[in-house]
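See structure below.
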Amino acid sequence: MTVTIAIPSSSINSLDLSPATTAIDKILAEENIASTEQQLRLDIQYELESGDPRELSEVPEVRLWFIRLDAKYPWLPFLLDWQSGEFVRYAAMLVPHQFSSKEGIQYNPEALEIFLMQKTFLLKDWLEKHNIPSQSRIKSMAKLLGYDLDDELFAML
């Protein structure tokens, strides 16, 4: 069952995570955490001024809110609904990038690699802690960002 969390402008402007924490903590209370995989959507209700051409991931206040959310729940990509683009949007909130009218989002390559590897290491440990197989999940996550992770990496871990 997909859970959508409404994040109002007031929460973003005050760095208030309570709309997210209330829902995420309820999800975490589930006995079978694996059943909550890719079930979370974030409805960002941040109004831009008329004529403002920026995407939400270019708004410093929105990005700062996401940085705080990621600091509290660094394993959150496990819960995000990848099918609806939530993970890619989440990455855009945390990784420096530019938009191209022809090519879409263009991440800073080094920053994206650092983000991906940090999430890889973190999620591997977190998933194993919850007795959830990790390798295929993490490889699928990496593919969403255009990377293929070798089995050798996982053997080293």
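Close amide-amide hydrogen proximity is noted between Q45 and I7, S9, each under 5 Å apart and 5 or more residues distant or on a separate chain (H modeled in the peptide plane; Pro and chain starts excluded).
Each label was represented as a point 7 Å from its Cα along the Cα-to-Cβ direction; for K102 and S140 these points are 3.5 nm apart. Probing with 1.4 Å while keeping every protein chain in the model, the per residue accessible area of segment 5-157 equals 55 Å². Assuming charge only on the beta carbon of Lys and Arg (+1) and of Asp and Glu (-1), the dipole of the chain about its Cα centre is about 140 debye to the nearest 20.
Taking all protein chains as present, what is the carbon and sulfur share of the accessible area of segment 52-157, in % to the nearest whole number, probe 1.4 Å?
Values: 2970 of 5780 Å².
The value for segment 52-157 is 51 percent carbon and sulfur by accessible area.
Would you work out the relative contact order for segment 3-156, in percent, from Cα pairs under 8 angstrom that are 6 or more residues apart? Mind dumping the intermediate values first?
Numbers: 146 pairs, mean separation 28.9, N = 154.
Reported relative contact order: 19 percent.
Here is the size of the chain from its Cα atoms: Rg then Dmax, 16.0, 52 Å.
With R₀ fixed at 30 Å, the C-beta to C-beta distance from A29 to R68 puts the FRET efficiency at about 0.85.
If you run the Gaussian network model on the chain, springs between alpha carbon atoms under 10 Å, then out of P133, P53, P74 the most flexible one is P53. Could you pull out the longest piece of the chain with no exposed loop trypsin sites (Lys or Arg not before Pro) in it, calling a site exposed if DSSP puts it outside H, G, I, E, B and it has at most 16 other Cβ atoms within 10 Å? After excluding every exposed loop site, the longest remaining stretch is 103-157. So how far apart, in nm, are the two label points at I114 and A6 if each is 7 Å from Cα heading toward Cβ? Roughly 3.7 nm, to one decimal.
The values are calculated or read from the model by the stated rules, or taken from the named source; none is laboratory data. Given the structure is predicted, the values throughout are model-derived calculations rather than measurements. Reconstructed Cβ throughout: ideal geometry from the backbone, glycine too, with neighbour counts over all protein chains shown. In case anyone asks, the SASA skips ligands and DNA or RNA and just uses the protein heavy atoms, side chains included. Shrake-Rupley method; radii C 1.70, N 1.55, O 1.52, S 1.80 Å.
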